[in-house]
Amino acid sequence: MSSAPTLPADRKDRVRQAPALDPALLDELVARALAEDVGDGDATAAVTVDPAARATARIRQKAPGVLYGLDLAERAFRAVDPGARIERLAQEGVWREDGPVLEVEGNARALLTAERTALNFLGRLSGVATLTARCVSALEGTGARVLDTRKTTPGLRMVEKAAVHAGGGVNHRIGLWDEILIKENHAAAAGGVGEAVRRARAARPDLPIEVEVTDLAELEEALAAGARRVMLDNMDLATMRRAVEITAGKASLEASGGVTLDALRAIGATGVDFISVGALTHSAPALDLSLLLESP
């Protein structure tokens, strides 16, 4: 996954804006991360750096990818030095090879105290955006779109989903409350795929409803019950192609289950509408970034 994705000329510089996030949520995430890292004080900075010293911190991107998480990084620095001067040197949501990202001028101790928290957020979320961009590139021209899942880091779901969006992916449901997704155990408890769909449509017509199927017989059962979105769970390529033929546009189809970057294009070529990739948020490697401190 080290090579850059090949994007059409009209997409190489396109900036993808992630959904706006609640500033209070961002402040809370930063406060909790700093509390975890700093505790009752940065012992190293306290004994090595003059309390009145000023410095400039520069964050640099060292590997190709898509940046995301600058709001959180900036909040980390401002939380320990409200007077810090911050300048963004790069855009989020666009593929770039490397280069300067952020410059922060302020109290030297404060900059060092916030360094790891800022880099952790920025590296993690940029990693999610970067893997998403690679997946989107792999599907170019197939018509299929990349979906995220609920396999997120506890407490970071909203920002990780925003990072997926910044990388060009599509957000699936946020949680258990905003969409009905009938999976194998739900169907078994309800007495079958068709009965589960009928119950859901009758009880919650206000919510989107999706149902997981494991074979073509369950697919036909789901379609007969009025399902408009169906998840094809762990099907091989031939079965997915047959599922597309059977569905014939009556519902949107999502391929799911152990999807890898290398397998994406072949799955997209079957004609499915969406492919969910849990790895976007549970296995994305952090983007390589560094911070160097310079005295005035």
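Most tightly packed first, judged by the mean number of other beta-carbon atoms within 10 Å of their residues, the peptides 79-88, 272-281, 230-239 read 272-281, 230-239, 79-88. The magnitude of the dipole of the chain, with charges of +1 and -1 set on the Cβ of Lys/Arg and Asp/Glu and taken from the Cα centre, is near 460 debye. Our compactness index for the range 141-282, the C-alpha radius of gyration over the empirical 2.2 N^0.38 Å, is 1.02.
Taking the Cα centre of the range 141-282 as the origin, how large is its charge dipole in debye, to the nearest 20, when only Lys and Arg (+1) and Asp and Glu (-1) carry charge on their Cβ atoms?
360 debye
Counted over all Cα-Cα pairs of the range 69-194, pairs farther apart than 20 Å make up 56 percent. Cβ-to-Cβ counts within 10 Å put GLU103, GLU74 in ascending order as GLU103, GLU74, the fewest first. Dividing the alpha-carbon radius of gyration of the chain by the rule-of-thumb value 2.2 N^0.38 Å gives 1.18. Applying 1/(1 + (r/R0)^6) with r as the Cβ-Cβ distance of LEU293 and ILE174 and R0 = 51 angstrom yields a FRET efficiency of 0.85. By how many degrees, between 0 and 90 and to the nearest 10, does the Cα long axis of helix 70-80 differ from the longest principal axis of the chain? Relative to the chain, helix 70-80 is tipped by roughly 40 degrees. Between ALA263 and ALA31, the contour length at 0.36 nm per residue exceeds the Cα-Cα span by 79.6 nm. For the range 188-296, trypsin sites (Lys or Arg not before Pro) meeting the loop criterion (DSSP other than H, G, I, E, B) and having at most 13 other Cβ atoms within 10 Å: LYS250.
Model label points for GLU140 and SER252, set 7 angstrom from Cα along the Cα-to-Cβ axis, are 2.3 nm apart.
None of the figures in this text is laboratory data; all of them are computed from the coordinates on show. As the structure is a computational prediction, the values presented were derived from the model and not from experiment. Note that each Cβ is placed from the backbone with ideal geometry, even for glycine, and that neighbours are counted across all protein chains shown.
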